[in-house]
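Student: Quick one: the structure is below, questions incoming.
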Amino acid sequence: MSTNVLFDVPGPKARRRSLIISIITSLLILGGLAALYFALAAPRVSAAGVETPGMFDASRWDIITDGRMWNAILVRGLLEGTLKMAAVAAVGAIVLGIVFSFARTAKTKWISIPAAILLDFFRGLPVLLMMLFILLVLSTGAYWAGVAALAIYNGAIIGEALRSGIQSLPKGQRESGLAIGLTPVQTRFIIEFPQAFRQMLPIIIAQLVVLLKDTSLAYIIGYQELLNIGLRQMQTTYGNRYFFTLFFVVLAIYLTVNLLLSWLARIIGRRTAGGRIFRSTGKGKGTGPKDAQVQADVETKIMQGNSVPGQF
């Protein structure tokens with residue numbers, strides 16, 4: 001019998017109670033959604049006695065067929081604005097994350113201690129405040145201020161994730177690399193880092209989803225991204241009566257893009273969770289060709305060391 005149980009198996013009464021609570025909670029949620037729907041759908045009467053149609057009235061949704069609205073939101077807002085900033089910031093965040101992880105795990109104290117201080121500082125600093133600082137102090141423009149702030153903040157988080165992945169590897173990984181003649185830096189790059197990156201890849205992708213959502217903060221510094229164009233500019237173009245429609249369209253686009261990235265992260269997580277990291281016994285599941293070659297080289301060294309004293 002397995003002992004890795006964190007709680008007792010629920011009995012009949014506990015299962016029945018859980019079922020009742022789930023049903024009541026579901027009914028409350030459905031009731032809340034229904035109340036919200038009817039509140040939004042009901043027509044409103046202003047103080048002057050003028051009646052305006054509800055939010056789901058057909059007169060508020062006729063802009064859905066307007067191609068100019070979709071061109072502005074999808075092309076200028078999503079592609080040329082949000083995704084352009086998110087793509088460049090994501091590359092910068094991954095590069096900075098790798099640099100931070102190597103500096104944080106360095107054996108030299110004068111490298112690891114300043115790196116730890118910088119990581120804590122960047123992770124504790126709000127992204128919007130960083131954007132404003134870069135924009136006002138360095139005068140980089142709204143686009144590069146947003147890219148730099150997102151890359152630094154998310155790079156610090158990715159760096160901590162990679163550091164955790166490196167430190168979670170068995171000590172035999174590093175020892176095997178040093179045993180076959182690799183330098184400490186080569187061991188880190190060739191053996192340790194690829195495995196840590198593979199293990200932390202779902203976390204990295206999940207953080208990139210956060211990065212994509214945080215591009216909406218660039219709205220404050222005047223960058224022309226999805227939220228700025230989809231709500232402010234389109235509301236100015238079509239009028240206040242279409243604000244709810246535009247809000248719904250922008251929300252649907254954000255949800256679609258973020259859910260696709262989250263779905264990708266879950267797929268990668270399932271594929272990487274099945275494989276165990278390479279160990280010196282060579283019995284790990286999912287070991288790659290490089291790991292097998294390292295194991296073979298180590299075994300050869302061990303055999304040579306047993307036959308010729310002092311060689312290993």
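Every number in this text was worked out from the coordinates using simple rules, so none of it is lab data. Since we're looking at a predicted model, the values are computed, not measured. Please note: Cβ atoms are built from the backbone with ideal geometry, for glycine as well, and neighbour counts cover all protein chains shown.
Student: Treating the beta-carbon of each Lys and Arg as +1 and of each Asp and Glu as -1, no other charges, what is the dipole magnitude of the range 108-204 about its Cα centre, to the nearest 20 debye?
Tutor: I would put it at about 160 debye.
Student: State the Cα centre-to-centre distance between the range 110-173 and the range 18-63 in whole Å.
Tutor: 42
Student: Right, here's the next one. Need the full-extension length gain, Asp120 to Gln167, defined as separation in residues times 0.36 nm minus the C-alpha distance. One decimal, nm.
Tutor: In short, 15.1 nm is gained.
Student: Any idea what the dipole of the range 77-278 comes to, in debye rounded to 20, about its Cα centre with Lys/Arg Cβ at +1 and Asp/Glu Cβ at -1?
Tutor: 560
Student: Sticking with this one: Taking every pair of alpha-carbon atoms in the range 112-255, what share in percent sits in each 5 Å bin, from 0 to the bin with the longest distance?
Tutor: Pairs per bin, as whole percents: 2, 9, 14, 14, 14, 13, 10, 8, 6, 5, 3, 2, 1, 0, 0.
Student: Next question. Rounding to the nearest 20 debye, state how big the charge dipole of the range 43-158 is about its Cα centre with +1 on each Lys and Arg Cβ and -1 on each Asp and Glu Cβ.
Tutor: Computed about the Cα centre, the dipole is about 600 debye.
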